[in-house]
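The values are calculated or read from the model by the stated rules, or taken from the named source; none is laboratory data. Quick caveat, the model's predicted, so the values are computed rather than measured. Backbone-built Cβ (ideal geometry, glycine too); neighbour counts: all protein chains shown.
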Amino acid sequence: MSSPKVIIVMGSLSDKDVMVEAATVLSEFDIPYEMGIYSAHRTPARSAKLASEAAGRGVKVLIAGAGAAAHLAGAFAAHSTLPVIGVPLAATSLGGMDALLATVQMPAGFPVATVAIGKAGARNAAHLAAQILATSDEAVAERIRAFRARKAKEVEEASESLQNL
């Protein structure tokens, strides 16, 4: 596999079932990625090292999924100039709203693009990463156009099926 263009991180192994959705989308677009567990609180130096070295490795986008206080995406944004996409996860009794608010409220100058809570958010994080890559990679742009054409066709076919009731 070629060197990753996207790195997907999550705060703990319990986040894997959600964050694998991002990996699935990247695989569908044939975008190389790597995935790992990093914690803004339990492994701060390890997290900072990955974030600060990612650009030098040819990585173009970072995706970080975390619940509760959800500091992981912000920690990555603090240590990298790469685009960071935060995926809030439902890890507490607040259903992910705490993570959503923590992820979206970054200080000016250290943005984190924030998507929806959970699996749909993880998928959209990967779609957004693909769109970022497509700004300089025509092959990725073409795969996005093909994906969207397939989705449009599915909607049209579903609509036509209603006419046969």
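The table below gives the values:
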item: Pair list, Cβ < 8 Å and 6+ apart or interchain, from the stretch 68-87 residues that are touching a residue at least 40 places away in the same chain (Cβ under 8 Å) to residues that are part of a loop (DSSP other than H, G, I, E, B) and aromatic (Phe, Trp, Tyr); result: 72/38
item: For residue 60: the one exception among (1) more than 16 Å from the chain's Cα centre (by Cα); (2) crowded, with 18+ Cβ neighbours inside 10 Å; (3) basic (Lys, Arg); result: (1)
item: Number of the condition not met by residue 82 [criteria: (1) closer than 24 Å to residue 110 by Cα; (2) part of a loop (DSSP other than H, G, I, E, B); (3) modelled with pLDDT under 95]; result: (3)
item: Odd one out for residue 64, checked against (1) in contact (Cβ under 8 Å) with a residue 24 or more places away in the chain; (2) among the small types (Gly, Ala, Ser); (3) outside any strand (DSSP E or B); result: (3)
item: Cβ pairs under 7 Å, 6+ apart, first in the stretch 128-154 and surrounded by 10 or more Cβ atoms within 10 Å (Cβ to Cβ), second in a helix (DSSP H, G or I) and not aliphatic (A, V, I, L, M); result: 144/131
item: Residue among 147, 110 that alone is over 16 Å from residue 26 (Cβ atoms) and among the aromatic types (Phe, Trp, Tyr); result: 110
item: Close pairs from the stretch 38-50: first farther than 19 Å from residue 60 by Cβ, partner of a type outside the set (A, V, I, L, M, F, W, C) and assigned to a helix (DSSP H, G or I), Cβ under 9 Å, at least 6 apart; result: 39/46; 39/47; 40/47; 40/74
item: Restricting the stretch 101-119 to residues that are assigned to a helix (DSSP H, G or I) and without any contact (Cβ under 8 Å) to a residue 24 or more places away in the chain, the residue that is surrounded by the fewest Cβ atoms within 10 Å (Cβ to Cβ); result: 101
item: Checklist (1) modelled with pLDDT of 95 or more; (2) touching a Ser or Thr at 6+ places or on another chain (Cβ under 8 Å) applied to residue 15, failing item; result: (2)
item: Residue, surrounded by the most Cβ atoms within 10 Å (Cβ to Cβ), within the stretch 1-45, restricted to residues that are out of contact with any Gly (no Cβ under 9 Å at 6 or more places or on another chain) and assigned to a strand (DSSP E or B); result: 6
